[in-house]
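These notes concern the structure reproduced below.
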Protein chains: 2
Amino acid sequence: MYSPALPQHIGILLFTDFEALDAFGPLNCLNALSRSFQLRISIITHSGPSGKPAHTWPTTPGPQNSHFTQGVVPTHSFANSPEDLDLLLVPGGYGVWEETEEMQAAKDFIRNVYPNLKYMCTICTGSALVAMTGLLDNRKATSNKRRFKAIVEKFPRVNWVGAARWVVDGNIYTASGVTAGIDMTLAFIQDVYGKEHADEIADRLEYERVLDSRLDVFAAKNGVV
Amino acid sequence: MYSPALPQHIGILLFTDFEALDAFGPLNCLNALSRSFQLRISIITHSGPSGKPAHTWPTTPGPQNSHFTQGVVPTHSFANSPEDLDLLLVPGGYGVWEETEEMQAAKDFIRNVYPNLKYMCTICTGSALVAMTGLLDNRKATSNKRRFKAIVEKFPRVNWVGAARWVVDGNIYTASGVTAGIDMTLAFIQDVYGKEHADEIADRLEYERVLDSRLDVFAAKNGVV
């Protein structure tokens, strides 16, 4: 099905030390949706397809001297990103806290691209990255529940919602930690493309959806109210 | 923590049209585990690092003329795979049904590598791919619940278990569809590395684990008993 009103071109912003499932939970839902609606994906990084792949956390060996990261191939750079993006996905991960040229460029990219988007969806600490741009000021949003108190203190101009699996404010969807991104994406698909598609994809993934965004057992578990 | 008895070197077999979340649900659990235990990852494909990335389903434009696939960078080819793999992950996806040189090589690789593994874990129709090798004959196993009846008919020598989020038989773990791979991986981590690590990772992922492998709402939903 093709409708010019529906988001067709979906971009995902990736960066060093993104959280794998923040990206691939939502992407798998959209991979399935692309069989029912005309969709295109662009995978957008600082250095783009001529640079390094985007590597999942953890890119550093860490305390156990592990080597356990996966590389995803970018299709575009921030500088040459498509001009017709409808939806931008912003995953989280430890990389969001890095004060590198890459992450500065990521924030500039979000700021520049947002005015032309139909929607933006963040997962986990992806909302902290967007909060750094100021785009969440005076908006309702949620984030990872383990980092929640620190995030609330760091970004006091955002109307953070504690007990929420995901939050919608205008055209920005924000999800709680990691797997909450699957529920948020299914909610987004339900809102925009229709409930039958969201339910069909959840069944395909053998995933028991959280249907009420206020049901968030991890808020209480982490002392967030 | 490093113990020679624990699996240290983890391989994942990827192929054209693998299901993204089959791979990245388990991988994200292990990405987190690698901060507590010394782990290495090898991403193994037919053509290896000198060939194409491994692309997620759907690699073809399909009925809606969509272009919606993501590429993952391999580190090894089947021919030059590491000889000290402890655990092999086998995701599913439409690619498993393809009768290509790539998938024939994948089956040969599984058959060759299995005798030297400590464990093998399959997700979704990954168990069908392994069933094609004969390695599941006379073993208990499960698979994707939508394709379950067809899979049971196709591989009658496997002791398929219908109502199961995942199944363990000897050193082979098999999961039901897509997100069941997360529950299976957490169960594997609990069995092998300790319950506290599985619980910690589930909380980190804000994921409500299925703790009883026999709880499988998608078996009944798909008429599988």
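Where Rh is the Kirkwood radius over the Cα pairs of the protein assembly as shown, the temperature 10 °C and the viscosity 1.306 mPa s, what D in µm²/s does Stokes-Einstein return?
73 µm²/s
Look at the axis of the rotation that sends chain A onto chain B, then give the chain A residue with the nearest Cβ and the distance in whole Å.
A:Phe24, 2
In what order do B:Val90, B:Val225, B:Val210 fall by count of nearby beta-carbon atoms within 10 Å, going from fewest to most?
Neighbour counts put them in this order, fewest first: B:Val225, B:Val210, B:Val90.
For n ≥ 4 DSSP H runs only, could you compute -39500 (n - 2.57) per run for the protein assembly as shown, divide by its residues and tell me the 222 nm figure to the nearest 500?
-9000 deg cm²/dmol
Between A:Asp84 and the same site in the other copies, what are the distances in nm, shortest first, taking label points 7 Å from Cα along the C-beta direction?
5.2
Would you order B:Leu211, A:Leu186, B:Leu87 from fewest to most other beta-carbon atoms within 10 Å of each residue's own beta-carbon?
B:Leu211, B:Leu87, A:Leu186
Would you mind listing the distances between the A:Thr100 label point and the same position in each other copy? Use 7 Å along Cα-to-C-beta, nm, one decimal, shortest first.
3.2
Treating only the Cβ of Lys, Arg, Asp and Glu as charged (+1, +1, -1, -1), what charge dipole size does segment A:9-221 show about its Cα centre? Round to the nearest 20 debye.
Here the size comes out at about 420 debye.
Just report the Cα centroid separation between segment A:1-79 and segment A:148-196, whole Å.
With segment A:1-79 and segment A:148-196 each reduced to a Cα centre, they are spaced 19 Å.
Could you put B:Met184, A:Met103 in order, starting from the residue whose Cβ has the fewest other Cβ atoms within 10 Å? Walk me through the intermediate numbers first.
Numbers: B:Met184 28, A:Met103 19.
Listing B:Met184, A:Met103 from fewest to most nearby Cβ atoms yields A:Met103, B:Met184.
Taking amide H atoms as placed 1.01 Å from N in the peptide plane, list the residues 5 or more away in sequence, or in a different chain, whose amide H sits under 5 Å from that of A:His67.
B:Leu39, B:Arg40, B:Ile41
Rounded to the nearest 20 Debye, what is the dipole magnitude of the protein assembly as shown about its Cα centre when Lys and Arg each give +1 and Asp and Glu each give -1 at the C-beta?
520 debye
Return the long-range amide H neighbours of B:Gly92 (sequence gap of 5 or more, or a different chain), with a cut-off of under 5 Å between placed amide H atoms.
Under 5 Å from the amide H of B:Gly92 lie the amide H atoms of B:Glu19, B:Ile123, B:Thr125, B:Gly126, each far enough along the sequence or on another chain.
Among the listed pairs B:Lys118/B:Lys140; A:Lys52/A:Lys145; A:Lys195/B:Lys149; B:Lys107/B:Lys154; A:Lys221/B:Lys195; A:Lys52/B:Lys107, which have their C-alpha atoms separated by more than 22 angstrom in this model?
Violating the 22 Å Cα-Cα cut-off are A:Lys52/A:Lys145; A:Lys195/B:Lys149; A:Lys52/B:Lys107.
Taking H placed 1.01 Å from N in the peptide plane, check which residues at least 5 places from A:Trp160 or on another chain put their amide H under 5 Å from its amide H.
A:Ala141
Run through the DSSP bridge list for the protein assembly as shown and note the antiparallel percent, rounded to the nearest 5.
The answer is about 25 percent antiparallel.
With unit charges on the beta carbon (Lys/Arg positive, Asp/Glu negative), name the residue among A:Ala198, A:His46, A:Leu211 whose Cα is farthest towards the positive pole of the charge dipole of chain A.
Checking the options against the dipole of chain A, the answer is A:Leu211.
Assign unit charges at the C-beta atoms only (+1 for Lys and Arg, -1 for Asp and Glu), then state the dipole size of segment A:157-200 relative to its Cα centre in Debye, rounded to the nearest 20. Let's see the in-between values first.
Working: 3 positive and 6 negative charges, 59 e Å.
The dipole magnitude comes to about 280 debye.
Based on DSSP, what percent of beta bridges with both residues in chain A are antiparallel, to the nearest 5?
On the way: 6 of 26 bridges.
Roughly 25 percent of the beta bridges in chain A run antiparallel, per DSSP.
Between the label point of A:Asn171 and that of the same position in each other copy, find the distances and list them shortest first in nm, with every label point placed 7 Å from Cα along the Cα-to-C-beta direction.
Output for A:Asn171: 5.4 nm, nearest copy listed first.
Each residue of segment B:50-57 in order: what ³J(HN,Hα) in whole Hz does its phi give by Karplus 6.51 cos²θ - 1.76 cosθ + 1.60, θ = phi - 60°, with x for Gly and Pro?
Per-residue couplings from phi come out as 7, x, 6, x, 7, 9, 5, 4 Hz.
Just so you know, all these numbers are worked out from the coordinates, no wet-lab data involved. As the structure is a prediction and not an experimental result, all values here were calculated from the model. Heads up, the Cβs are rebuilt from the backbone with ideal geometry, glycines too, and the neighbour counts pull from every protein chain shown.
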